[in-house]
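*Asks:* Structure provided below as structure tokens; questions to follow.
What follows draws every value from the coordinates through simple rules; no lab data is involved. The structure presented is a predicted model; accordingly, all values stated were derived computationally and were not measured. As a convention, Cβ positions derive from the backbone with ideal geometry for all residues, glycine included, and neighbour counts pool all protein chains shown.
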């Protein structure tokens, strides 16, 4: 269990009733905060992280991301945390994490620490930049649902770079899973008109080129990977690009995966280095790499 300051403990007691709910939409006077779905506990966790890592803000962003990531080790994995509202809202949830929101939160937290405006509103703004196409939240299809699209758009907006372009192989899969399985997605099931929009987006995604590092080549090219890289585990499943997301962290001279594990239902560091984490007989085919750009 993490050790929190006395201030944080008292704040937790005060906000207990608000935090008992999974999510709530803020009614704060601030117009910025009123547009965000979060709890007082999320704000308290953000404040604790800011206090804990404020003296490390001058560190490179690639160092900050895994360091902040370790703060969450042991936290519970929770799926579908972005699907709690009937309409698309900017959700900030530092209590419950899936693999993608974990990586997004770490990148947003590190960018906020390195910014001149170290506020909760700025953190939420960073999440919006990262999660939505060109940083614009405009209904469910504006979210970057496919990780290949997430990397492409964040690279275009200078939030990450794509090092595998120089040493990787072209990624063969085409995306179509969402439009082919709308009943698997709450918002597509409730809003059939979104399906055609998603299908158009998939066609646009498929018109672009993406590069990945095949799993049998990871050991050979591991020296080109870096701690703090955000990686997507690519898959051979038809219609999908990536099945899992995590962050590379150095352990005993080797790069391991720091991630919100769906199989173990918690945030953890993989026992095996990334070079052997992807098993030969698994549907994981390799990794896509997003390298955070220094601020």
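*Asks:* Testing the spin-label approximation: label points 7 Å from Cα along Cα→Cβ at residue 89 and residue 54. State their distance in nm.
*Replies:* 3.0
*Asks:* Here's something else I'd like to know. Exposure proxy check: 275, 236 ranked by fewest other beta carbons within 10 Å?
*Replies:* The fewest-first ordering by Cβ neighbours comes to 236, 275.
*Asks:* Calculate how many DSSP beta bridges within the chain are antiparallel, expressed in % of all such bridges and rounded to the nearest 5.
*Replies:* 90
*Asks:* Given only helices, namely DSSP H runs of n ≥ 4 each adding -39500 (n - 2.57), what is the per-residue ellipticity at 222 nm of the chain, to the nearest 500 deg cm²/dmol?
*Replies:* Helix contribution divided over all residues of the chain: -10500 deg cm²/dmol.
*Asks:* Round to the nearest 0.05 the FRET efficiency obtained for residue 70 and residue 266 when R0 = 22 Å and r is the Cβ-Cβ distance.
*Replies:* 0.95
*Asks:* To continue, here is another question. Among 265, 106, which comes first, then next, by fewest other beta-carbon atoms within 10 Å?
*Replies:* Arranged by neighbour count, lowest to highest, 265, 106 become 265, 106.
*Asks:* Still on this structure, please answer the following. Using the Cα atoms of the chain to build a convex hull, what is its mean projected area in square nanometres?
*Replies:* Approximately 15.4 nm², given one-decimal rounding.
*Asks:* Of 218, 230, how do they rank once you tally other Cβ atoms within 10 Å and put the fewest first?
*Replies:* Values: 218 20, 230 25.
Fewest to most other Cβ atoms nearby, the residues stand as 218, 230.
*Asks:* List the relative contact order of segment 229-295 as a percent without decimals, with contacts defined as Cα pairs under 8 Å and 6+ residues apart. Don't skip to the answer; put the middle values down first.
*Replies:* Details: 109 pairs, mean separation 25.0, N = 67.
Relative contact order for segment 229-295 comes out at 37 percent.
*Asks:* How high is the relative contact order of segment 6-292, in percent, counting Cα pairs under 8 Å that sit 6 or more residues apart?
*Replies:* 19
*Asks:* Next question, about the same structure. Using a Förster radius of 22 Å, what is the FRET efficiency between residue 203 and residue 183 based on their Cβ-Cβ separation? Nearest 0.05, please.
*Replies:* After rounding to 0.05, the efficiency reads 0.60.
*Asks:* Grab the Cα-Cα distance for residue 190 and residue 221, subtract it from 0.36 nm times how many residues apart they are, and report the gain in nm with one decimal.
*Replies:* On the way: separation 31, 0.36 × 31 = 11.16 nm, distance 4.43 nm.
Net length gain for the segment: 6.7 nm.
*Asks:* Between segment 176-203 and segment 230-252, what's the alpha-carbon centroid distance in Å?
*Replies:* 23
*Asks:* Okay, next question. Provide the three semi-axes, in whole Å and in decreasing order, of the ellipsoid equivalent to segment 76-208 as defined by the square roots of 5 times the Cα gyration tensor eigenvalues.
*Replies:* 24, 21, 13
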